[in-house]
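Presented below is the structure to which this report refers.
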């Protein structure tokens, strides 16, 4: 009876498919503040650096090998490589690479990584059709708004059911952004959203494997294809998002419809984007931050008897792997994160390499981490005490980690992160040019010049 009552009550859901379609198709170009536009540039830059940085990862190599079997037409750049592929495959591959290091942007209210699906789809399509940078940025802001507003509508219940919300909202954001880039009217944009709504991608069971970064890649491809199909007249339910058997009510028991409509066109979710200083699951960041601070106080790893860690239950649910077997699993181990922070004073991609995860001193220190749940501590916080061999106790409480909205990464921080990821792939000089192209994207008459800078030049060697 309860199920029937819930369905009956939500027959009165607002027409959010139509509302979002009209918003995406009709909102004016650059119809937001300078601050929002700057955040769009920051989001694009951070996403691009992550995608280029992982271009040679074995996950990307394996996915590209599969794509090559399809003999794709060379329509769009595979970032960080000399390769090109059809635009749908390029969207998938760039979505995979942008999320492989778990170093990409995060909409903290929902834990969505919005740029992976949306920007990956947009740049592949834009390169093929010759879009301007302004058109890409407009579509990025609007696509991310769709993904994150729908995420707000169903989070956390949707996530708690086991869905990876980046993929299960990303195909909708990608479809919306690509519909905007293609200039679809509201009716066809609604069809694009409807086609995408039947393609939610991502299960949390896959965390710690190559399939986790497939989620934004698969969502990018699905969203791009949905927009292309709608462009050619393919149809879907005009109530695909809100109907009793539509996306929101199938994937979640929570349906906060007002999250779609409140301040629509006035508040933009990209404003709440954050960027990672550590290459791992976002809920580990406060614990790493605390351990970095302990190291800065002069606490040496060999002086530690144990590390007492108190965190919200979600932290151990998502990142409770005590004995990660490789780097991908290490990204979901708060124990490894703490060890990396104290030993290295950082947790970039290098600290999640397979050989570091299995190194004897790292293993020994993470086994000294004693983690307990305290739900009085927020998801974005950590309480850490180092108990030393001489009996001293050093305590750090991190309410908001570096990289959060309260302690954001600066533009300079993002540039340093970009170089740290991309210099080894493209060379420092070329990365300087690519950074400039990112910051000036809104003025670019054609994104193809930026795409060219995102490929190795000449023989592919770097300076």
_Once each part is reduced to its C-alpha centroid, what is the distance from region 311-336 to region 414-433 in angstrom?_
29 Å
*asked:* Taking the 0 to 90 degree range and rounding to the nearest ten, how far is the long axis of helix 34-53 tilted relative to the main principal axis of the chain, both from C-alpha atoms?
replied: 70 degrees
_Stokes-Einstein diffusion coefficient of region 102-225, Kirkwood radius over Cα pairs, 4 °C, 1.567 mPa s, in µm²/s_ = 93 µm²/s
*So what are the three principal axis dimensions of region 2-274 from its Cα atoms, in whole Å, longest to shortest?*
54, 40, 36
*Rg to Rh, two decimals, where region 282-398 supplies the alpha carbon set and Rh follows Kirkwood*: 0.93
*Cα convex hull of region 143-287, projected area averaged across orientations, nm²*: 9.1 nm²
_Order of 439, 257, 32, 47 under a 10 Å beta carbon neighbour criterion, fewest first_ = 439, 257, 32, 47
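Once the piece of chain linking residue 68 and residue 443 is laid out straight, how much longer is it, given 0.36 nm per residue of separation minus the C-alpha distance between them? Could the numbers behind the result be given before it?
Values: separation 375, 0.36 × 375 = 135.00 nm, distance 3.43 nm.
Answer, rounded to one decimal: 131.6 nm.
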*For residue 303 paired with residue 388, estimate the spin-label separation in nm (one decimal), with each label point 7 Å from Cα along the Cα-to-Cβ line.*
0.4 nm
*What ranking, highest mean first, results for peptides 228-235, 160-167, 278-285, 92-99 when packing means the other Cβ atoms within 10 Å averaged over each residue?*
92-99, 278-285, 160-167, 228-235
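Using Cα pairs closer than 8 Å and at least 6 residues apart in sequence, work out the relative contact order for the chain, in percent. Could the numbers behind the result be given before it?
On the way: 1006 pairs, mean separation 91.5, N = 463.
Computed value for the chain: 20 percent relative contact order.
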*What ratio of Cα Rg to 2.2 N^0.38 Å holds for the chain?*
0.96
*Roughly speaking, what is the centre-to-centre gap between region 56-91 and region 256-282 when only Cα atoms are used, to the nearest Å?*
30 Å
*Evaluate E = 1/(1 + (r/R0)^6) for residue 359 and residue 34, where r is the Cβ-Cβ distance and R0 equals 60 Å; express this FRET efficiency to the nearest 0.05.*
0.85
*Degrees, to the nearest 10: 133-154 long Cα axis against longest axis of the chain*: 70 degrees
*Counting DSSP beta bridges in the chain, what percent are antiparallel, to the nearest 5?*
75 percent
_Helix 16-26 vs. the chain, principal-axis angle (Cα, 0 to 90°, nearest 10)_ = 80 degrees
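All of the numbers you see were taken from the coordinates with simple rules; none came from a lab. What you are looking at is a predicted structure, and each value in this text was computed from that prediction instead of being measured. We place every Cβ from the backbone using ideal geometry, glycine too, and count neighbours over all the protein chains shown.
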